[in-house]
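Read-outs: derived from the displayed coordinates by stated rules, not from any lab. The structure displayed is predicted, hence computed values, not measured ones. Every residue, glycine among them, receives a Cβ derived from its backbone with ideal geometry; neighbour counts consider all protein chains shown.
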Amino acid sequence: MLTQSSADGHTPLHLACMTGHSACVCALISAGANVNKKDVDGKTAVYMASEMGNVACIKALQAVGAIVEPEFGRSPLHVAASRGNRACLDELLVMPGIQKSLDLELPSLGSPLYLCCQGDHEACVLSLLRAGADVSKGMGATSPLHAAVNSCTSPSLVQLLLRFGAQARRRDTHGKGLRAACQAWESDT
């Protein structure tokens, strides 16, 4: 029963993580559920819990050594970062193996830090920087600082990145410096 899965590969553990039933997650783990089993899309229970923002499920999986690694190119850290879910992000950042994902720059998404800056999730940016995220890893030549300038509603996110060593003179993928982005931002505010 623990290893049975639906047509899409979801085990009972996947489903419990998707629905946020942490008591069921604990019961399934105690009964011997495989915490690293992947569904047909390559998603593990940790990924599902991150996707749904279920911190208690992440903690339960962390306690038994669930593996956190990029799955089908995207990691649970990317998911939590893109959603601005600091609680999930902070839990994931203490899991073994997370360093592989910390600066993983995906061609279509960018790094977790880039995703946080793009979404104006300042608290998540701070968590990632404190965990050692590389302030220069964004999406191609476009840095997290570029994303912050293009999407933020206040200068504090930009100032935070600069305090952690972001390079203000770096050009983005289109060869534009930050001056053009700042001028566009100031004209919108």
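Tabulated values for the structure
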{"read-out": "Residue match in the range 147-159 (condition: surrounded by 14 or more Cβ atoms within 10 Å (Cβ to Cβ), in contact (Cβ under 8 Å) with a residue 12 or more places away in the chain, closer than 21 Å to Thr44 by Cβ and not small (Gly, Ala, Ser))", "value": "no"}
{"read-out": "Residue within the range 121-139 that is buried (at least 18 other Cβ atoms within 10 Å of the Cβ), closer than 17 Å to Arg86 by Cα and among the polar types (S, T, N, Q) present", "value": "yes"}
{"read-out": "Subset of the range 86-109 (residues that are among the basic types (Lys, Arg) and either touching a His at 6+ places or on another chain (Cβ under 6 Å) or surrounded by fewer than 15 Cβ atoms within 10 Å (Cβ to Cβ) (or both))", "value": "Lys100"}
{"read-out": "Subset tally (residues that are surrounded by 24 or more Cβ atoms within 10 Å (Cβ to Cβ) and free of Cβ contacts under 8 Å to residues at least 24 places away in the same chain) for the range 26-85", "value": "0"}
{"read-out": "Selected residue [out of contact with any Cys (no Cβ under 8 Å at 6 or more places or on another chain) and within 24 Å of Arg74 (Cβ to Cβ)] from Ser127, Ser154", "value": "Ser127"}
